[in-house]
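For reference, the structure is listed below as structure tokens.
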Amino acid sequence: MKLYFVRHGETEWNVKKKIQGKTDIPLNEKGMLQAKQLAERLQEEQKNGTLHVKRIYTSPHRRAADTAKEAANALGLSCMELEKLKEMDLGAWEGTTWDAVRENDGETYAVWNANRRYLHTPGGECYNDVLKRTLEALEQILTENTEDVLIVTHSAVLMALRCYLKQQPFDEMAVKFKTKNAEMIQIDAQEIREALKRFAAGE
């Protein structure tokens with residue numbers, strides 16, 4: 001069983017490099033086009049037998065849900081929203097940029113950046129919170145399915161998950177595991193099962 005993860009299409013806040021987090025920003029025109037192009041590619045791969053997706057899951061944020069709906073319509077599949085796939089809550093930093101955070105809240109940012117797996121953003125989540133709920137969502141998905149699925153979610157979710165799967169330092173996630181808008185990442189279900197065991201063991 002394979003899990004295909006997709007980051008949502010582009011938003012205006014992506015263009016302006018604003019921190020989105022839980023703020024529910026919709027796709028912009030380019031993002032809608034990216035979603036349609038992704039759907040067309042998935043449909044073509046499904047037709048030629050290189051893709052075998054049977055179900056689609058998505059974050060409830062509009063930017064993800066609208067990306068997922070395009071894929072669901074193209075593939076003729078149902079689409080289920082899972083709250084635990086939503087983007088990281090970045091608290092007081094949402095709506096600004098990372099450059100502005102470093103300039104205006106530099107000391108807090110530096111401490112958080114060095115300890116980002118377990119240290120919360122001001123009024124928000126830490127990456128371990130995101131990882132925990134993401135793995136809970138994936139455990140549900142693995143329980144409900146035996147065939148390939150598509151999962152539409154967000155940058156921080158994918159960075160935290162991929163960092164943990166590869167057992168890499170979380171402060172390197174943006175360099176090693178940054179995912180582009182509408183980019184698709186394939187992960188084997190067995191990797192997720194192994195990660196679930198490690199997380200349950202406190203690793």
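Tabulated values for the structure
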| read-out | value |
| --- | --- |
| P(r), alpha carbons of the range 45-156 - 10 Å bins starting at zero, rounded % | 13, 36, 27, 17, 7, 0 |
| In Å, descending, principal axis extents of the Cα set of the range 1-94 | 46, 26, 17 |
| Euclidean distance between Cα centres, the range 175-192 to the range 67-120, Å | 15 |
| Lysine pairs meeting the criterion (Cα under 29 Å, 8 or more apart or interchain), as found in the range 20-147 | 27 |
| Surface/4 of the Cα convex hull for the range 94-177, nm² | 6.4 |
| Computed helical MRE - 222 nm, the chain, DSSP H runs ≥ 4 contributing -39500 (n - 2.57), nearest 500 | -14500 deg cm²/dmol |
| Using a Förster distance of 35 Å, the FRET efficiency for Val15-Thr146 (Cβ separation, nearest 0.05) | 0.30 |
| At 0.692 mPa s and 37 °C, Stokes diffusion of the range 38-81 via Kirkwood alpha-carbon radius, µm² per second | 316 |
| Cβ-placed point charges (K, R +1; D, E -1), dipole of the chain about Cα centre in debye, nearest 20 | 260 |
| Reciprocal of mean inverse Cα separation for the range 1-53 (Kirkwood radius, Å) | 12.7 |
| Mean separation of Cα contacts under 8 Å, 6 or more apart, over the residue count of the chain: relative contact order % | 32 |
| Cut-off 12 Å between beta-carbons: net charge of the residues surrounding Trp112, Lys and Arg +1, Asp and Glu -1 | -1 |
| Alpha carbon convex hull of the range 149-203, volume per residue in cubic angstrom | 85 |
| Radius ratio Rg over Rh of the chain, counting only Cα atoms, Kirkwood formula for Rh | 0.97 |
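Here, each number is a calculation from the coordinates, and none is a lab measurement. All figures in this text were calculated on a predicted structure; none of them were measured in a lab. Cβ atoms come from the backbone with ideal geometry, glycine included; neighbour counts cover every protein chain shown.
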